[in-house]
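The values are calculated or read from the model by the stated rules, or taken from the named source; none is laboratory data. Computed from a predicted structure; not experimentally measured. Reconstructed Cβ throughout: ideal geometry from the backbone, glycine too, with neighbour counts over all protein chains shown. Note: accessible area is taken over every heavy atom of the protein model, side chains too, but ligands, DNA and RNA are not part of it. Shrake-Rupley method; radii C 1.70, N 1.55, O 1.52, S 1.80 Å.
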Number of protein chains: 2
Amino acid sequence: MDLDFKKMDGLVTAVIQDFTSGRVLMVGYMNEEAFQKTVETGFATFFSRSRNKLWLKGETSGHRLVVKEISTDCDRDAVLVRVEALGPGVCHEGFQSCFARRLEDGKWEIREPRVYDPDAVYGSKS
Amino acid sequence: MDLDFKKMDGLVTAVIQDFTSGRVLMVGYMNEEAFQKTVETGFATFFSRSRNKLWLKGETSGHRLVVKEISTDCDRDAVLVRVEALGPGVCHEGFQSCFARRLEDGKWEIREPRVYDPDAVYGSKS
């Protein structure tokens, strides 16, 4: 399972796609340990660049990502992880996908409703 | 169009997805100029980290990626570009998608045929 972790300071890009709908849900980054955990546990696990540690997606929210299929690209520096997403939404802002902002006439517009209340899941930040 | 180019040395991750089939075709990286070119021209344009310059996808092969929709994620450090792919395949190895290698029992296996002959398009490397 020789991925190329050298190009990006020990990380590969991980694209998370809904296995059923095909929607791209989020992009994260994995170091070798996170990738191994993802394969071994069957739950998508990332390396958080901001917190500088492993991050099991859903550890707080319960919205885990169940791995159905993993592919890599011709450069072996990115992986595509097709998942079944537990819970209503993957985005910590309450949307189904992190890619909720669409470019329209030069502005990023949100054209979809929140599917859960992030304050109820993650606790209020106010 | 304020994307966060700071997290990854001036780049954002760009996931390219087929607008019709939903297949993830490739992952590239865009600096601000590449992103602007993508928006202005309607053809996906990347920053090549290996060649250290802008790269209009399809400039050699003619297999350009026609932009249909662009989204960004909650961190604004990645974009999802849904495209119509001109030509039979996006991967320079001749496959429809760069993500042709699937993890099966700990090995990366290719289970799909090439859709074009890369030597005929890019010239033989031998």
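Worth pointing out:
- Looking only at the range B:39-68, and only at residues there that are under 19 Å from B:Gly10 (Cα atoms) and among the aromatic types (Phe, Trp, Tyr), the one that is surrounded by the most Cβ atoms within 10 Å (Cβ to Cβ): B:Phe46
- Among residues of the range A:67-85 that are without any contact (Cβ under 8 Å) to a residue 40 or more places away in the chain and under 13 Å from B:Ala100 (Cα atoms), those with a beta-carbon under 9 Å from a residue that is of a type in the set (D, E, K, R) and crowded, with 20+ Cβ neighbours inside 10 Å at least six positions away or on a different chain give the pairs A:Ile70/A:Arg82; A:Ser71/A:Arg82; A:Ser71/B:Arg101; A:Asp73/B:Arg101; A:Cys74/B:Arg101.
Residue by residue, here is whether (1) farther than 19 Å from B:Gly87 by Cβ; (2) surrounded by 14 or more Cβ atoms within 10 Å (Cβ to Cβ); (3) facing chain A (nearest Cβ under 9 Å); (4) of a type in the set (Phe, Trp, Tyr) holds:
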{"residue": "B:Val12", "(1), (2), (3), (4)": "yes, yes, no, no"}
{"residue": "B:Phe19", "(1), (2), (3), (4)": "no, yes, no, yes"}
{"residue": "B:Leu25", "(1), (2), (3), (4)": "no, yes, no, no"}
{"residue": "B:Ala34", "(1), (2), (3), (4)": "yes, yes, no, no"}
{"residue": "B:Lys37", "(1), (2), (3), (4)": "yes, yes, no, no"}
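- In a residue-by-residue description of the range A:52-68, the property of being closer than 20 Å to B:Val27 by Cβ, within 13 Å of chain B (Cβ to nearest Cβ) and at pLDDT below 95 applies to no position.
- Count of the range A:77-90 residues, restricted to those that are crowded, with 17+ Cβ neighbours inside 10 Å and either of a type in the set (S, T, N, Q) or out of contact with any strand residue (DSSP E or B) (no Cβ under 7 Å at 6 or more places or on another chain) (or both), is 1.
- Residue count for the range B:48-101, restricted to those that are within 11 Å of the chain's Cα centre (by Cα) and basic (Lys, Arg): 3
- Of the residues making up the range B:78-91, one or more are under 22 Å from A:Gly28 (Cβ atoms), in contact with a helix residue (DSSP H, G or I) (Cβ under 9 Å, 6 or more places away or on another chain) and either within 10 Å of chain A (Cβ to nearest Cβ) or among the aliphatic types (A, V, I, L, M) (or both).
- B:Cys98 falls short on exactly one of the conditions (1) at pLDDT below 95; (2) open to solvent by less than 30 Å² (accessible area, probe 1.4 Å), and that condition is (1).
- Any chance A:Lys107 is open to solvent by less than 60 Å² (accessible area, probe 1.4 Å) and among the basic types (Lys, Arg): no
- Search result, residues across the range A:3-36 that are out of contact with any Ser or Thr (no Cβ under 9 Å at 6 or more places or on another chain), part of a loop (DSSP other than H, G, I, E, B) and of a type outside the set (Asp, Glu): A:Phe5, A:Lys6, A:Gly10, A:Phe19, A:Thr20, A:Ser21, A:Asn31
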